[in-house]
Amino acid sequence: MIGDWLDIGPVGQIAPGNARTLPVRRGDGTLIHEIAIFHTSDNRFHALVNRCPHKAGPLSQGIVHGSVVTCPLHSWNISLKTGEALGEGAEERGACVPIIPLKVDAGRIYLLRSAVMGGATPSARAA
Amino acid sequence: MNAPMNLKPRMNPGDQRDGAIREKLVVVGNGMAGCRAVEEILARDGVRYAITIFGAEPRVNYNRIMLSPVLAGEKRFDEIVINPVAWYEDNAITLVSGDAVVAIDRAAKTVTAASGRVEPYDRLLLATGSDPFIIPVPGKDLAGVVTFRDLDDVDKMVAAAEKGGAAVVIGGGLLGLEAAHGLSLRGMNVTVIHLMPTLMERQLDEAAGWLLKAELEARGQTILTGADTAEILGADGHVAGVRLKDGREIPADIVVMAVGIRPATALAKSAGLAVERGIVVDDHMVTSDPAIMAVGECVQHRGACYGLVAPLWDMCRALADAATEADSAKGYTGSVTSTKLKVSGIDLFSAGDFSGGDGAEDIVMRDAARGLYKRVVVKDGRLVGAVLYGDTADGGWYFDLLKRGEDISAIREALIFGQAFASGGTQLDPNAAVAALSDDAEICGCNGVSKGTVVACINGGAATLDAVRGTCKASASCGSCTGLVESLLALTLGDEYGGERAEKTLCKCTSFTHGEVRRHIVEKGLRAIPQVMQELHWSTPDGCASCRPALNYYLLCALPGEYVDDQQSRFVNERMHANIQKDGTYSVVPRMWGGLTNPRELRAIADVVEKFNAPMVKVTGGQRLDIFGIKKEDLPAVWADLNAAGMVSGHAYGKSLRTVKTCVGSEWCRFGTQDSTGLGVKIEHMTWGSWMPHKFKIAVSGCPRNCAEATIKDFGVICVDSGYELMVGGNGGIKLRGTDLLCKVATEVEAMEVCAAFIQLYREQAYYLERTAPWIERVGLEAVKSALFDDPEAVAALARRFHFSQSFMQDDPWAKRAAGADAQLHQHLAEVRPFPAAQMESAK
Ligand code: SRM
Ligand SMILES: Cc1cc2nc3c(=O)[nH]c(=O)nc-3n(C[C@H](O)[C@H](O)[C@H](O)COP(=O)(O)OP(=O)(O)OC[C@H]3O[C@@H](n4cnc5c(N)ncnc54)[C@H](O)[C@@H]3O)c2cc1C
Ligand code: SF4
Ligand code: FES
């Protein structure tokens, strides 16, 4: 698909309750960022920058429950829908990771191209 | 009714209307949407159009959704006809059935049918429905592979069922399950193959999907979830079975493909109309050609395609308004849909968006005794989704609330109990509602305890929930009445009731403690995480990061060899079989039995460090080597190299046996009393690979100088001249605790037997994430001793259970990954590089 949405392949590539990663690089190979794409057990898909707002833990490796992922490093709970940290702690409040707009169409996953390329849209709270 | 028909209308289509020639309306598709659209048009203006309907099927219009009851033998075809021959005749409609339209000439405004018949139109309506999707596997064209879309498909299935045998249904969605149900009622041996782990995953969550699966299995169907079809096997041109990608083969006399539908757009596409997923229409169901309209499953409206009938009715109304230029032509704005499964005896309802989280709040109610699961999702004070299993009486009410989008905050507390409760003006304060109950009202259904009994037991001194559970058994079984009992405690004790449970619950998802959950799993014979959540009334749909790993462990411990580990319930380290580091890379610790190594192992480790540019390699506190900085993509290759040198996973990441530290012992040391190194190696071979409530460390010291630090280990052995002192419950770590002496034995064999028995006792009794030190502090050393030694058979019995469990566990997880298992956990999905043309390359 051309245009605003980038086709990243069929939904079957990510098992429910799992996440997979998508590194985004410049032409010279340096990493812009890595995106984590999640498939929840109630069959929704979400994409976030794969960097916990706490200390940059790889969210893709956390346990997914509901539409929340628990970061593997220090167990912050991050909303897959908004990228916000859900805890009440002083550090957690207001912390959030950029989300990448995603849509599923005819069994394929699409990400918003501009966000993938690094112009990540700020999440709900920051907006 | 199966022969092609060409009904001649009684009225002449060329009839005059107020002196003008009637406009010619041609409808392609004699199905549910096409005919309903015609009905709606006729209801508004009976004489405006001269109508011709083409239908590819050789019959009149019938209610397609009732094909399921026809297949199940609950209805006959004539009972599901919507528009009989007389309807076409009475309305002067020419029906051309059994003749598909194959081309549209938009310039000449004609359609051409397969028979060669050409029909001119002023207005054309496309209502071609959907085509069943066929997965492109070898064997898909064999005789005996059928879809489930029209009456011919049903006839084929009925004919196959008459011969008996086995049926495989590919696809565990609505359609597939209805096909499976029908075939199974007709006596076939049915297997459903579903790609996803949850049946009907588009409509159900994990909890409801699990209940459905359990029910269908109880009815004799075999349900294989997470199963991917590789090939349909044939013999003499006829289907003979299905082979899955994991190699399993299932014999079949008929294979039903029910994996999904695609809007039937070929005709529209070849006519040059705007087609994306479906035929693109505006709010008046007009396509990119103003003379051509489209309706039903074949269309795409505001980006959405539908696969259910309810939206079609709304579309047909909007279409008819526009086609007759009705004043009230508001247009179609899209539909919210709900789903019910038409399998007799299974009540299931789903509507809206039930993905939880953020602003969206889940309210879950479970009643294990009645097999009930209800989940409603509320967001910004509005109901946005509902899943009901077991009792769908309130489905319509929820659906209505959902569509109206009204603020439901006022009934929020009572919402989950359904319409009668929420709108019945019942007191919303739960305490007040409980206070209003009579003394003989039943509080606990499982144990038949009345309100009077509970109150008497509280007045008799049971001042906490645990005390009530212990005395009169109320809320001690399934726990669904916990809230009621707590209300009674609050009402009876007033300010004296602290509201605090003596022991904390496992997590916020349940009112049970770890101990209670463990006991229920064993007593009720629970076998899967969703089942535990259902039977014990979890308040969330799929648990949280605390309870999922705990339940996974409890089930694994209770059902050795049977329970299938749930990867999604494992903390990252146990899922990746390596330790995650702060930068997201992993560290790899191969096992070094008893701390011994050799040149071959050391060389392999050195090679791995160089080959994968590992930035650091370190001797650990557990007497082995740790290789740092390995990327998740490289782990399988690293493991393959280590495996090749004979090394297996060291489980440095697991709630499992970690290390067995040893000292040099009698082989070399001048003070050594026994072969501590040899015993340590033997113990490690016996215990490696076992999953535990928490990590477990062992050490064997050759004399009381204790160079292996055995007295701060979970299980320590101090060798002495006369034998072995077995020490337990030690902990370095955060809270230092020295071991207690468990017993003294004379031989290595006894030492190993007691070690196995002690581990098994810990595995069976401790709470998840409780190490041996806090476990022994909690239950007391005497209790541990008495569990092991009061009954002279106990040690042997526990050890036997440990060895049995080990027979399934001692299987190197690295070797499987190195051989390619779970490759998706290690690979990136793809990689994006914006230059030159922003295209992607697969990383694979
Ligand atoms: C690598 C190692 C340190 C080292 O370089 O020597 C180590 C490293 C970690 N330890 Fe340890 N511990 C290591 C020996 C120890 C020891 C010494 C021992 O085993 O004799 C102790 C004290 C003894 C004990 O456990 O009682 C120890 C007490 C802990 C604790 C505290 C446990 C407690 O009950 O209080 C933790 C935290 C936890 O497990 O929750 C911990 C957790 C960790 C973790 C897993 C932290 C984490 O969750 O990421 C570290 C992982 C690093 C990695 O990626 O490998 N580590 N850790 C040692 C690995 C031994 C091995 O070969 O497997
Ligand atoms: C077994 C089964 C059970 C179902 N159960 C439910 C349910 O419980 N609830 C629910 O809401 N929905 C259910 N559905 C879906 C529902 O039946 C459809 O949404 C509905 O029939 C769609 O109507 P339609 O007119 O768009 O398509 P159809 O009803 O399929 O009508 C299209 C017609 O067009 C004909 N046609 C196609 N191309 C041409 C051509 N070129 N020329 C001439 N004719 C052509 C086809 O042969 C077909 O007869 C079920 C479907 C099936 C198959
Ligand atoms: S002592 Fe602390 S910092 Fe050192 S390895 Fe153990 S957990 Fe990590
Ligand atoms: S980095 Fe995610 S919780 Fe610390």
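Since every read-out is calculated from the coordinates, none of them should be taken as a lab result. All values derive from a computational prediction rather than experimental measurement. For neighbour counting, all protein chains shown are included, and Cβ atoms are generated from backbone atoms with ideal geometry for every residue, glycine included.
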- Item | Within chain B, percent of DSSP bridges classed antiparallel, to nearest 5 | 65 percent
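Roughly what % of Cα-Cα distances in the protein assembly as shown sit above 44 Å, to the whole percent?
Working: 210272 of 470935 pairs.
Roughly 45 percent, rounded to a whole number.
Quick one: grab the alpha carbon gyration tensor of the range B:97-174, order the square roots of its eigenvalues as a ≥ b ≥ c, and give me rounded if a/c is under 1.5, else prolate or oblate depending on whether a/b is larger than b/c.
Working: a/c = 2.94, a/b = 2.48, b/c = 1.19.
Cα axes put the range B:97-174 in the prolate bin.
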- What list of ³J(HN,Hα) couplings, whole Hz, do you get for the range A:10-27 from phi and the Karplus terms 6.51, -1.76, 1.60, once you set θ to phi - 60° and write x for glycine and proline? x, 4, x, 6, 10, 6, x, x, 10, 9, 9, 10, 9, x, 10, 10, 6, x
- Message: Please rank B:L679, B:L151, fewest neighbouring Cβ atoms within 10 Å first, as an exposure proxy.
- Response: B:L151, B:L679
- Footprinting proxy, B:E178, B:E217, B:E831: sorted fewest to most Cβ within 10 Å, the residues are B:E217, B:E831, B:E178
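Any of B:K245/B:K524; A:K81/B:K269; B:K213/B:K524; B:K213/B:K342; B:K379/B:K508; B:K632/B:K695 with alpha carbons more than 25 Å apart? Name them for me. Let's see the in-between values first.
Details: B:K245/B:K524 34 Å; A:K81/B:K269 36 Å; B:K213/B:K524 19 Å; B:K213/B:K342 15 Å; B:K379/B:K508 20 Å; B:K632/B:K695 23 Å.
Too far apart for the 25 Å limit: B:K245/B:K524; A:K81/B:K269.
Would you order B:S511, A:S79 from fewest to most other beta-carbon atoms within 10 Å of each residue's own beta-carbon?
On the way: B:S511 22, A:S79 25.
The order, fewest Cβ neighbours first, is B:S511, A:S79.
Give the average over all directions of the projected area of the C-alpha convex hull of the range B:347-424, one decimal, in nm².
Numbers: hull surface 19.0 nm².
About 4.7 nm², averaged over all directions.
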- Message: For B:I443, what residues show an amide H to amide H distance below 5 Å, using hydrogens built from the backbone and excluding near sequence neighbours?
- Response: B:V449, B:S450, B:K451
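In the protein assembly as shown, what % of DSSP beta bridges are antiparallel (nearest 5)? Write down the numbers at each step before the final one.
Working: 107 of 152 bridges.
Roughly 70 percent of the DSSP beta bridges within the protein assembly as shown come out antiparallel.
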- Query: By the gyration tensor of its Cα atoms, with a ≥ b ≥ c the square roots of the eigenvalues, what is the shape of the range B:518-582: rounded for a/c under 1.5, prolate for a/b over b/c, or oblate?
  - Reply: oblate
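Quick one: if the Förster radius is 41 Å, what FRET efficiency do B:R117 and B:L244 give, using the C-beta to C-beta distance and rounding to 0.05? Mind showing how you got there, number by number?
Numbers: r = 46 Å, r/R0 = 1.13.
Using R0 = 41 Å, I get an efficiency of 0.35.
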- Query: Label 7 Å along Cα→Cβ of B:K504; the range B:762-794 residues with amide nitrogen under 18 Å?
  - Reply: B:766-779
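Given charges of +1 on the Cβ of Lys and Arg and -1 on the Cβ of Asp and Glu, with all other atoms neutral, how large is the dipole of chain B about its Cα centre, in debye to the nearest 20?
Working: 88 positive and 106 negative charges, 306 e Å.
I would put it at about 1460 debye.
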- Query: In the range B:572-654, if every C-alpha pair distance is counted and binned at 10 Å from zero, what percent goes to each bin?
  - Reply: 19, 60, 21, 0
- Item | Overall dimensions of chain B as given by Cα atoms, namely Rg and Dmax in Å | 34.4, 123
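What is the local net charge at B:L372, summed over the other residues whose Cβ is closer than 14 Å to its Cβ (Lys, Arg +1; Asp, Glu -1)? Please report the intermediate quantities before stating the final value.
Numbers: positive: B:R366, B:R370, B:K374, B:R375; negative: B:E215, B:D347, B:D367, B:D391, B:D394, B:E535.
It works out to a net charge of -2.
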- Message: If you average 1/r across every pair of different Cα atoms in the range B:717-828 and take the reciprocal, what Kirkwood value do you get, in Å?
- Response: 16.1 Å
- Note on the structure: Residues whose modelled amide H sits under 5 Å from the amide H of A:N18, counting only those 5 or more places away in sequence or on another chain, are A:H39
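Quote the charge dipole size of the protein assembly as shown about the Cα centre in Debye, to the nearest 20; the model charges only the Cβ of Lys and Arg (+1) and of Asp and Glu (-1). If you can, show how the numbers build up before the last one.
On the way: 100 positive and 116 negative charges, 378 e Å.
Dipole about the Cα centre, nearest 20: 1820 debye.
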- Task: Only bridges with both residues in the range B:145-259 count here: give the DSSP antiparallel percent, nearest 5.
- Result: 40 percent
- Task: In whole angstrom, note down how far apart the Cα centers of the range B:24-79 and the range B:229-276 are.
- Result: 27 Å
- Return the distance in nm (one decimal) between the two label points of a simple spin-label model at B:R670 and B:D131, each offset 7 Å from Cα along Cα→Cβ. 8.9 nm
- So, in nm, how far is label B:D721 from label B:N63 when the simple model puts each one 7 Å beyond its Cα toward the Cβ? 9.4 nm
- Task: About the Cα centre of the range B:201-340, how large is the charge dipole given +1 on each Lys and Arg Cβ and -1 on each Asp and Glu Cβ? Please answer in debye to the nearest 20.
- Result: 80 debye
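At 222 nm, what helix-only mean residue ellipticity would the protein assembly as shown give, in deg cm²/dmol to the nearest 500, using -39500 (n - 2.57) for each DSSP H run of four or more?
On the way: 27 runs with 261 residues, N = 971.
Helices in the protein assembly as shown give a 222 nm mean residue ellipticity of -8000 deg cm²/dmol.
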- Note on the structure: One finds the C-alpha centres of the range B:111-141 and the range B:731-745 to be spaced, in Å, by 77 Å
- Item | Calculated from backbone phi, Karplus (6.51, -1.76, 1.60) coupling profile of the range B:705-717 in Hz, x at Gly/Pro | 5, 6, 5, 8, 6, 5, 8, 10, 10, 4, 9, x, 10
- Where does the charge balance sit around B:G730 when Lys and Arg score +1, Asp and Glu -1, over other residues with C-beta under 15 Å from its C-beta? +2
- the range B:262-270 - phi-based ³J(HN,Hα) in whole Hz, Karplus 6.51/-1.76/1.60, Gly and Pro as x: 10, x, 7, 10, 4, 4, 5, 5, 5
- Cα→Cβ-extended label distance, 7 Å offset, between B:A235 and B:A797, nm: 5.0 nm
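What is the gain in length, in nm to one decimal, between B:A637 and B:I734 on full extension, counting 0.36 nm per residue of separation less the C-alpha to C-alpha distance? Show your work: numbers first, answer last.
Numbers: separation 97, 0.36 × 97 = 34.92 nm, distance 3.51 nm.
Answer, rounded to one decimal: 31.4 nm.
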- Item | Spherically averaged projected area in nm², based on the convex hull that wraps the Cα atoms of the range B:671-751 | 5.3 nm²
- Note on the structure: Taking a ≥ b ≥ c as the square roots of the eigenvalues of the Cα gyration tensor, with a/c under 1.5 meaning rounded and otherwise prolate when a/b exceeds b/c and oblate if not, the range A:2-116 is oblate
- Item | Estimated FRET transfer efficiency when R0 is 51 angstrom, pair B:A326-B:A214 (beta carbons, to 0.05) | 0.50
- Item | Residues with amide H under 5 Å from that of B:N189, placed H, sequence gap 5 or more | B:G165, B:A166, B:A167
- Between B:A86 and B:A435, what FRET efficiency follows from the Cβ-Cβ distance if R0 is 45 Å, with the result rounded to 0.05? 0.10
